[in-house]
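Working notes, beginning with the structure itself.
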Amino acid sequence: MSSVNGIGGHNPVQKIVSKPVMHSLPAKPATAQKAIADKVQLSRVNQVLATLKAGGDIRAAKVEKVRAQLKAGTYESGAKLDAAIDRLIDDLGR
């Protein structure tokens, strides 16, 4: 189908090509565009940070206890490491 045949003695395709329709539109003044901001949340880190900034559920006594253990070098233990690995494996298995 390489050509368009006219109906009767008229060829509408040729008519448009030989006399293209031209309209003038008035120019609109430029308006200020509102900036669009994208937001991506890749993990729960944003939720935790928002909770911390809002002064949410923070157990100050536990935080101080962990800080003291870290400073003394007694926080990390084999049992805690095993528990963390088990939780990680469980999370990856979901």
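Quick note: the coordinates plus some simple rules give every number you see, no bench work behind them. Predicted model, so just to flag it, every value in this text is computed and none were measured. Positions of Cβ are generated from backbone atoms using ideal geometry, with glycine treated the same way; all protein chains shown enter the neighbour counts.
List of remarks:
- Taking label points 7 Å from Cα along the Cα-to-Cβ direction, GLN69 and GLN33 give a separation of 5.4 nm.
- Here the 3J(HN,Hα) profile of region 79-94, calculated from phi with Karplus coefficients 6.51, -1.76 and 1.60 at θ = phi - 60°, is 5, 5, 5, 4, 5, 5, 5, 4, 5, 4, 4, 4, 5, 6, x, 6 Hz, Gly and Pro shown as x.
- In plain terms, the residue of THR31, THR74 with the fewest other Cβ atoms within 10 Å comes first and the most crowded comes last, giving THR31, THR74.
- 15 Å tail of the calculated P(r), region 45-93, as % of Cα pairs: 66
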